[in-house]
Amino acid sequence: MRDLIFVAFLAAFFLAGLRKPFIFVLAYIYIDVVSPQRLTYLLLNSIPISLIAFSAAVLSWALIDDKRDVRLAPRQFIILLLLAYCGITTLNADFPQAAADKWDWVWKALVFAAFLPLTLRTKLRVEALLLFMVLSASSIIIVGGIKTVVSGGGYGELNLMVSNNSGLYEGSIISTVAVAIVPLVLWFASHGTIFKPDWKVKLFCYALVFACCMIPVGTSARTGLLCIVLAAVLLLRDAKRKMLYIGVIAAIGVVAVPFLPSAFVSRMGTIKTYKADESASTRLAVWQWTWNYAKTHPFGGGFDMYRQDVLNYDLIVAEGTGSNMTLKHIPTSDRARAYHSSYFEMLGEQGWPGIVLWGGLNLVGIFRMEMLRRRYRKPAPEDAWVAPLAGALQSALLIYLLGASFVGIAFQPFIYQLIGAQIGLDTYLARKRSEGAWRPFRKAKREAEPSGATEPAPA
């Protein structure tokens, strides 16, 4: 029965796309984020629905959509350069088969990110894209939030509808994404137009924010806790009553602590005692190994080159209590451990050129959103939504970059969709400003002439 429901839902999506081609873009967003083929038993598993939606979105834009006001942004060229460079490193990868497997989905994420801004010609399309991204992610987040409230969750124990612990269904990744979308959810609570922000929409948005904050608790992801702290700090800059906001956040923190699951509290305690935590010690060893690898392989080793790492490190274990406590160094070895950091993922796989392109892509996005925030700080009434949305997109990217320090999500498709939305908003507003500034030459000349003036006769 569940399979039939998913098939009927997707069929309705594709049929609607025949009437409004932009819906194919939204269908691809839903499929890419939720992965309904992983939630069904049989019917969708054998059909490449993601590739079908991707092809339909691109072809419908190329054949049908209006392209008169299309603009290209420098970041789209950066994405294409990164795509080309990743293709080169894949051809020369240390592990060709593993690299080819990752390339199968990375190229699609990068191509779609470069393509997406071309379709975002109106405010409605920008908002619809972000709405589908938020709602698609919330289908996972709400389930996780409910299970956390009921059972408390636990590291590696919170079941997010599927047993496959990959993509957005992995604990640390969904924790980062859940907190990253909080600024966007709050924007919809105040400025959304598809669903006007009445009391029902506001209630749903605030409940979704609560669910987003529950995901790091349910997954016991330390990355998520750091992201929540950063989100709270970023939201402070737009708070009208900053002292009241700080007081409320502090009060929520004090009240919430007694209700937190013991598994979450104990795992968060390892943040300050990382030397005694095997996971943290392994990460530091991987990062050191990757740094040394980049010294001799500046152009990277291709996707999944971490499979060759060999780690030797000391795990520090505390024995005894109080004044009798001693620290014991236990030599430990490991191999083929993943990076647990997007920065070292890029450095090891794509080398210095790759990390420069990837870092530049994100830094330009932060800068451009800040420019929009400042440009529309005192806007006309019809543009009151712009600065808050630019700020929300900037905050989402900053939260992602913090989470990316501890999770290998350099090529996570959801984040590239977010970058595509940033570019689309930027190009849409640039086009709008250009149209507003344009005036017919003859009309401008006539307006500049004093009343009753006549042109001199030609000599």
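Please compute the net charge surrounding ASP309, taking Lys and Arg as +1 and Asp and Glu as -1 over other residues with Cβ under 9 Å from its Cβ.
Values: positive: ARG307, ARG335, ARG337; negative: ASP334.
Around ASP309, the charge tally is +2.
Taking the simple approach of a point 7 Å from Cα along Cα-to-Cβ for both PHE367 and VAL201, what is their distance in nm?
Distance between the two pseudo-spin positions: 3.5 nm.
Please label the shape of the range 1-126 as rounded, prolate or oblate, based on the square roots a ≥ b ≥ c of the eigenvalues of the alpha-carbon gyration tensor (a/c under 1.5 means rounded; beyond that, a/b larger than b/c means prolate, else oblate).
Details: a/c = 2.74, a/b = 1.09, b/c = 2.51.
Oblate, because a/c is 1.5 or more while a/b does not exceed b/c.
Quick check: with the 1.4 Å probe, what order do MET243, MET371 take by accessible area, largest first? Don't skip to the end; give the middle numbers.
Numbers: MET243 150, MET371 70 Å².
Heavy-atom accessible area, descending, gives MET243, MET371.
Mind checking the full-extension length gain between ALA16 and ARG68? Use 0.36 nm per residue of separation minus the Cα-Cα distance, one decimal, nm.
Details: separation 52, 0.36 × 52 = 18.72 nm, distance 2.38 nm.
Length difference between fully extended and current span is 16.3 nm.
Defining a contact as two alpha carbons under 8 Å apart and six or more residues distant in sequence, what relative contact order in percent does the range 1-111 show?
Values: 63 pairs, mean separation 24.8, N = 111.
Here the relative contact order equals 22 percent.
Full-extension gain between ARG335 and SER151, please, as 0.36 nm times their residue separation minus the C-alpha to C-alpha distance. Please report the intermediate quantities before stating the final value.
On the way: separation 184, 0.36 × 184 = 66.24 nm, distance 3.45 nm.
Result for the pair: 62.8 nm of gain on full extension.
Distance in nm between label sites at ALA84 and GLN97, each 7 Å beyond Cα in the beta-carbon direction?
3.2
Once you've got the Cα coordinates, tell me which of LYS196/LYS378; LYS378/LYS432; LYS240/LYS378; LYS20/LYS432; LYS20/LYS108 are over 19 Å apart.
On the way: LYS196/LYS378 23 Å; LYS378/LYS432 17 Å; LYS240/LYS378 15 Å; LYS20/LYS432 23 Å; LYS20/LYS108 23 Å.
Pairs exceeding the cut-off: LYS196/LYS378; LYS20/LYS432; LYS20/LYS108.
The values are calculated or read from the model by the stated rules, or taken from the named source; none is laboratory data. Predicted model, so just to flag it, every value in this text is computed and none were measured. Here the Cβ is made from the backbone with ideal geometry for all residues, glycine too, and neighbour counts use every protein chain on show. Accessible surface is based on the protein model in full, side chains and every heavy atom, while ligands, DNA and RNA are left aside. Shrake-Rupley method; radii C 1.70, N 1.55, O 1.52, S 1.80 Å.
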